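What follows is a set of notes on a single structure, which appears directly below.
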Amino acid sequence: MQTDHLYEANFPAQHKIHDTDVARLYQEQRFDELDAVIICKNTAGAVTATFSDCDWDCFPFSRKKANNNIRFSEFEQASTLQRELKLLTFGWLFNKSPKQRKAASFPSVRTRVANLKIAYRFLAFNNLTSLAALSAPSHWQAFTAYLVDKEYSQSSIELCFIAINKAIEFASWHQLALGFTAPFKVSVEAKKLCDRQQQQTLVIPERLCDAIYGKAIDFIEEALPFRTLIAQTENALQDNYLEGKCTLDEKVTQGAMYTFLKTDGGIDYHKYGSALQENQPHSVLDIIAPLAEKLPNVMLNNGADFKRYLGQLITSSYIVCGGFSGMRDSELDKLTSDSYYKDTFEGRDYHMLQSHTFKLGEKRETWVTAASSKNAIELISTLTERWRSEAVYPDPKYTGSLWINHTARSKPPVLITNWNARLQRFCKQLDMVVSEDDYQECLESNPRSLDKIKASVTVGQPWPLTSHQFRRTLAFYCIKNRFGTLVALKQQFKHLYLAMTEWYTNGGKLASYRDLMVDEKVKNLLNDINAESTANKIFKQWHSDEKLAGTHGKAIMKMRGEIPSIYSSWEVIYRAVKEGKLTLHGSLHSYCKNGYNCDMNGVVAPQFCIDCGSSSSIIDEQQAKWWQKKHRSLVAYMESGEEISVSEHSHYVTQVRAAEKVMADFDMPFVPFEPDLKVANL
């Protein structure tokens with residue numbers, strides 16, 4: 001049983017899970033023994049999950065700030081289905097793969113189970129007892145109808161089918177007679193059921209983007225000079241609470257009676273809170289007053305106002321760091337007080353953020369950001385200094401993380417996990433409401449997200465801000481406003497493939513074209529320059545002794561003694577070019593006088609331009625040198641010993657022969673190629 005991928009390096013070996021043949025226990029229906037199987041222990045050896053639990057607490061495996069559990073509680077009324085789903089989960093979690101494939105990470109297993117639950121919900125709804133039921137054509141037809149009726153997207157259906165395939169793949173281990181003869185072709189089957197493509201993360205409309213980012217910067221700049229006072233105010237409120245709690249608890253210990261004490265020994269915590277306030281040494285207003293005096297534009301009338309303001313400052317710092325760097329949420333999570341630095345290159349200052357990225361292995365990376373990120377890091381570092389010393393981090397890689405919140409004074413500070421809810425609350429509190437123009441711009445900027453817009457964006461309602469929108473919005477506006485290239489964005493986003501970066505910029509190039517203003521004077525000037533350049537080239541071809549090749553090039557050389565009137569002078573040529581009577585289009589290998597009336601065969605195979613059927617090709621000495629290089633590279637490749645097919649060989653030889661014709665016309669030395677007929681018959 002593979003478990004090493006689940007544990008951190010220093011996890012005590014004696015508390016790691018030992019192999020148990022759960023498949024045999026399941027098949028022999030020894031369910032009491034099966035239910036007692038331990039799934040997970042923590043570093044102290046305490047059991048956090050057993051097979052019988054409806055909620056497997058796998059924090060020792062996951063060690064994330066959230067999503068550390070695998071839950072089966074929704075199938076409590078279908079115990080047979082629940083037990084089968086747990087069996088499949090166990091096999092995936094501990095890599096019981098008969099094919100000895102690399103073990104899936106805990107987040108991957110958790111996601112796979114979530115996708116398979118789509119099928120199990122259908123089974124439970126129809127009182128079916130096993131995934132094997134779906135192998136029956138009638139049940140499969142009903143299941144696919146269920147997926148369509150529930151309006152699952154194509155990608156969700158694919159993921160569900162992939163999870164079913166994984167269940168089939170592990171069949172020789174779990175011994176469930178699932179009845180499927182072969183895995184599904186998931187993409188093919190999903191497309192049959194749904195043509196709704198994956199919806200892309202939304203670009204924030206420009207007006208709202210300016211308003212949200214601008215307000216976040218304003219919050220930070222206003223608070224920055226008073227950051228120490230804000231932190232001291234928060235600390236004083238916490239100390240005041242703790243002193244009041246200590247006083248009240250001591251009074252209870254000494255026998256004082258309060259209405260929050262229930263007759264059964266319990267506590268009415270609402271009444272307890274009221275009594276606690278009465279025992280605090282200072283009033284909340286007195287503690288807040290010095291800060292309220294420094295920030296007259298901020299509503300600080302009570303503790304709730306201060307808590308809201310503190311939350312807005314934290315969210316503002318997150319918006320600035322995410323909005324101007326395009327970092328993923330998992331990368332923003334690892335920012336610390338030391339993450340910002342300034343670098344200078346060729347006399348220019350660059351503002352940088354350092355963090356960890358986890359795609360294709362964890363490593364330290366750097367992101368370019370805006371100057372305002374420095375203020376954001378300084379502010380949030382001061383505000384969370386005490387919280388960071390008191391927080392319990394789920395994993396060492398989170399140590400020092402800035403994004404901490406103290407949700408309740410009776411509990412320790414915790415890592416923030418609900419960023420999307422916080423961001424949307426920020427938009428609601430500050431009245432960042434979608435207008436008709438915003439909605440129309442949203443449709444234009446997000447051509448691959450029309451279903452998402454319909455579902456989540458409403459005129460007159462706050463913008464549904466999410467953390468991943470920072471990344472998409474940065475990519476979109478960089479391309480729209482030509483602030484950077486795709487290659488630069490690929491580096492910034494830490495993408496492996498340029499295609500993924502292009503996905504993030506969808507709509508940006510179209511928006512750039514839409515906004516492009518054409519200056520008629522500049523346009524006319526460019527047309528004049530182009531006409532002059534073309535006229536110069538044609539004049540030189542006719543009124544010089546330079547050697548030319550190509551069908552029309554050779555004709556020009558013959559007619560130089562008696563030049564046609566249309567080529568008689570530069571002025572006549574220029575006028576004909578301006579009127580469209582003469583054209584000349586060039587490439588690396590030749591010119592063509594036939595313009596767009598050409599049959600275009602040379603676009604795919606340039607050798608066809610040497611003796612083109614329309615007698616339009618012209619090749620000068622510079623292009624002849626291109627053919628010379630082409631000849632050398634093709635001959636070297638064909639003589640390298642690489643296996644090539646007959647069709648490829650024929651294609652290369654025709655280009656070599658064309659090159660030799662051109663080189664002969666220009667008296668260039670070369671060794672004629674002698675083809676080797678021993679080519680692979682592929």
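For a distance above 20 Å, tell me the whole-number percent of Cα pairs in the stretch 10-93 that qualify. Result for the distance tail: 33 percent. Straight-line cross-link partners of Lys102 among the aspartates and glutamates, defined as a Cα under 15 Å from its Cα and at least 8 positions apart when in the same chain: Asp4, Glu169.
In this structure Lys166 has an accessible area near 50 Å², from a 1.4 Å probe over the protein heavy atoms. Would you mind checking the tilt of helix 154-169 against the longest principal axis of the Cα atoms of the chain, expressed as 0 to 90 degrees and rounded to 10? Result, in degrees: 70. Our note on the geometry: Cα centres of the stretch 56-107 and the stretch 251-283, 43 Å apart.
Helix 284-294 and the long axis of the chain differ in direction by around 30°, with both axes built from C-alpha atoms.
Per the Debye calculation on the chain with a single equal scatterer at every Cα and no solvent contribution, log₁₀ I(q)/I(0) for q = 0.09 Å⁻¹ amounts to -1.07. Taking the empirical scaling 2.2 N^0.38 Å for compact globular proteins as reference, the stretch 213-317 has a Cα radius of gyration ratio of 1.35. Please work out whether the stretch 177-245 counts as rounded, prolate or oblate from its C-alpha gyration tensor, where a ≥ b ≥ c are the square roots of the eigenvalues and a/c under 1.5 means rounded, while otherwise a/b larger than b/c means prolate and anything else oblate? Oblate shape, in that a/c is at least 1.5 and b/c is the bigger or equal ratio.
Taking amide H positions as modeled 1.01 Å from N, with prolines and chain starts lacking one, the residues under 5 Å from Ile619 and 5 or more places away or on another chain are Ala549, Gly550, Gly553, Tyr591. Roughly how many whole Å is it from the C-alpha centroid of the stretch 206-222 to that of the stretch 294-318? So the two Cα centres are separated by 15 Å. Couplings 3J(HN,Hα) for the stretch 126-133, derived from phi with the Karplus relation 6.51 cos²θ - 1.76 cosθ + 1.60 (θ = phi - 60°), are 9, 6, 8, 10, 7, 4, 4, 4 Hz, where x marks Gly and Pro. Measuring spread by the Cα atoms of the stretch 39-182 yields a radius of gyration and Dmax of 15.4, 51 Å. Heavy atoms of the protein chains alone define the surface here; on that basis the chain has 53 Å² accessible area per residue at 1.4 Å probe size. Here the chain has 51 percent of its accessible surface on carbon and sulfur atoms, given a 1.4 Å probe and all protein chains in place. How large is the translational diffusion coefficient of the stretch 287-384 in µm² per second when you combine the Kirkwood radius over alpha carbon pairs with Stokes-Einstein at 37 °C and 0.692 mPa s? Value of D from the Cα-based Kirkwood radius: 218 µm²/s.
Taking a straight line from the alpha carbon of Lys166, these aspartates and glutamates sit under 18 Å away, with near neighbours fewer than eight places off in the same chain left out: Glu84, Glu158, Glu189.
Computed over the stretch 303-450, the Cα gyration tensor eigenvalues convert (square root of 5λ each) into semi-axes of 26, 24, 16 Å, ordered from largest to smallest. Using C-alpha pairs below 8 Å separated by at least 6 residues, the relative contact order for the stretch 173-322 is 30 percent. With contributions of -39500 (n - 2.57) from each DSSP H run of at least four residues, the per-residue ellipticity at 222 nm computed over the chain stands at -15500 deg cm²/dmol.
Roughly how far apart, in whole Å, are the Cα centres of the stretch 632-677 and the stretch 404-456? When both Cα centres are located, 62 Å separates them. Rounded to the nearest 10 degrees, the angle from helix 79-93 to the longest Cα principal axis of the chain is 60 degrees.
With respect to the cross-link table entries Lys86/Lys334; Lys452/Lys490; Lys215/Lys494; Lys41/Lys411; Lys480/Lys537, which display a Cα-Cα separation exceeding 30 Å? Result: Lys86/Lys334; Lys480/Lys537 exceed 30 Å.
Just so you know, the Cα atoms of the stretch 54-105 work out to an Rg and Dmax of 12.5, 35 Å.
The values are calculated or read from the model by the stated rules, or taken from the named source; none is laboratory data. Nothing here was measured: the structure is a model prediction, and the numbers come from that model. Accessible surface areas use protein heavy atoms only, side chains included; no ligands, DNA or RNA. Shrake-Rupley method; radii C 1.70, N 1.55, O 1.52, S 1.80 Å.
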